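Asker: The structure's right below; bear with me while I get my questions together.
Read-outs throughout are calculated quantities, based only on the coordinates presented, and are distinct from any laboratory measurement. Everything quoted here is computed from the prediction, not taken from an experiment. In this analysis, Cβ positions are derived from the backbone assuming ideal geometry, glycine residues included, and neighbour counts consider all displayed protein chains.
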Amino acid sequence: MVPPRTATITITVEGLLPPAKNEAVSLFAAGHGHAKRVRALLDATRSALGGGSPPYPTRSESLGLELVLTSPTRPPGDATNYLGGVADVLQDKTERPNLDLTHLGDLAAVAVYVDDSLLHNVRYRWDCGDRLRYTVRIWAFVPRLVKR
């Protein structure tokens, strides 16, 4: 079942850091150092979506994304790299002909939105906690009208 467009999607991954975008090699390359993190995020996303298709399938949405990382010690990466990695992993990858995603199997089709350029409200927070985990929350975002 696909969550309604007004719903917030919450994805939790236990025991791993988020995939971090921090080198020229694609996170989706076979054998990438964060391959386990990518697979864990995709698997948790598939569970959160109930196996359905992307709940935000158009290029006209504005979306919010919040990443909350909890760990006993300060994370080794920085917020922008984690946000970039998570944002890339959660977008539709099937229409990118230069990517070989065969090593991901059916996880290659898991996506929340069409493109990460739809993310217009982005938040990151690190919380000190007893165990390593992170939560990603995504929602439809309506930008405020600002008058001059």
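Asker: Using the structure shown, decide if Asp92 is more than 19 Å from Glu14 (Cβ to Cβ), crowded, with 17+ Cβ neighbours inside 10 Å, out of contact with any Lys or Arg (no Cβ under 9 Å at 6 or more places or on another chain) and of a type in the set (Asp, Glu).
Answerer: On the way: more than 19 Å from Glu14 (Cβ to Cβ): yes; crowded, with 17+ Cβ neighbours inside 10 Å: yes; out of contact with any Lys or Arg (no Cβ under 9 Å at 6 or more places or on another chain): yes; of a type in the set (Asp, Glu): yes.
The answer is yes for Asp92.
Asker: Does segment 54-79 hold any residues that are out of contact with any helix residue (DSSP H, G or I) (no Cβ under 6 Å at 6 or more places or on another chain), within 25 Å of Val142 (Cβ to Cβ) and touching a residue at least 24 places away in the same chain (Cβ under 8 Å), and which are they? Lay out the reasoning, then the answer.
Answerer: Going residue by residue through segment 54-79, those that are out of contact with any helix residue (DSSP H, G or I) (no Cβ under 6 Å at 6 or more places or on another chain) are 54-60, 62, 64-66, 68-79.
Going one step further and asking which of them are within 25 Å of Val142 (Cβ to Cβ), we end up with 54-60, 62, 64-66, 68, 79.
Within segment 54-79, Pro54, Pro55, Tyr56, Pro57, Thr58, Arg59, Ser62, Gly64, Leu65, Glu66, Val68, Ala79 meet the criteria.
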